[in-house]
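Working notes for the structure below.
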């Protein structure tokens, strides 16, 4: 590492990984030293409670970001990426299952094929059977909703050109959707097989809550792709449709009452037509508000300290 702008920034989210931090850190530095290039290592403590924070503070060579509480892996990656100064940003998990040894071949692939992103593909996974089943189900849903062309969206080991993250904020479980988001923006995304190790220490943070959040994020990404730049089209269109149906129903009822002496006092149709008009106007207003607030700049996490 030097005081000059580094070529690589390696970003690692950490949440209760005290036994894995030092071995992983050594493998990262060993790999980068062999590449004989400038780099920085950024570790983000995502609200650890097992002593990981104290271990991170003792590492002199790294940049350490400490969250006030647990905000999730996507937010941790976002914070590290926003601090990163390298021309290329490398991300990997803090559990030791990703192998930094794969970084050189990923970088070579990115350069030789003129790509913007290279994603790791854990073709041979060392996970539990239940985790693999959930991942396979999520892959099927992802192909239907987002179709990013990536086999393994759950692999955090990736290398990006820095400009990939211009005007891109991560939260929820959106780190899994980065290839899809970038592909839709016109970036060139590639994939390469990487090794995957069994977890040696600690416990997996992957549970049913993350599965649900991931599914909801997929729906959001699908909606974002179709309507993010034009929310008025879906809300306003539906609102106009319902308002038009309500006005049409009201007009028919008025004609029936005035010219055919049709009694409306014991009928639900007048209330139904008014409901259509009101719901339609509400949807139209929702579309207008969404269009005017399409860029939400609120921060999704809070940093307690950054050590450089």
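Could you work out how far apart the two model spin labels at residue 223 and residue 254 are, taking each label as a point 7 Å from the Cα in the direction of the beta carbon, and quote it in nm?
Roughly 3.5 nm, to one decimal.
Note the full-extension length gain between residue 109 and residue 308 as 0.36 nm times their separation in residues minus their Cα-Cα distance, in nm to one decimal.
Computed gain between residue 109 and residue 308 is 68.6 nm.
If each residue's Cβ is checked for other Cβ atoms within 10 Å, how do 71, 272 rank with the fewest at the top?
If I rank by nearby Cβ atoms, fewest first, I get 272, 71.
How many nm is it between the label spots at residue 162 and residue 265, if each spot is 7 Å from the Cα in line with the beta carbon?
7.8 nm
Want the number for residue 245 to residue 82: 0.36 nm per residue separation, take away the alpha-carbon distance, what's left?
Extra length from residue 245 to residue 82 when fully extended: 53.8 nm.
Hey, fewest Cβ within 10 Å first, where do 171, 262 land in order?
Ascending Cβ contact count within 10 Å gives the list 262, 171.
Sorted from fewest to most neighbouring beta carbons within 10 Å, what does the list 108, 166, 191 look like?
In order of increasing Cβ crowding within 10 Å: 166, 108, 191.
Hull surface divided by four, with the convex hull built on the Cα atoms of segment 1-44: how many nm²?
Average projection, Cα convex hull of segment 1-44: 3.1 nm².
Looking only at Cα atoms, what is the convex hull volume of segment 231-292 per residue, in Å³?
So the per-residue Cα hull volume is 53 Å³.
Just so you know, all these numbers are worked out from the coordinates, no wet-lab data involved. Predicted, not measured: the structure shown is a model, and the values here were computed from it. Glycine also receives a Cβ, built like all others from the backbone with ideal geometry; neighbour counts cover every protein chain displayed.
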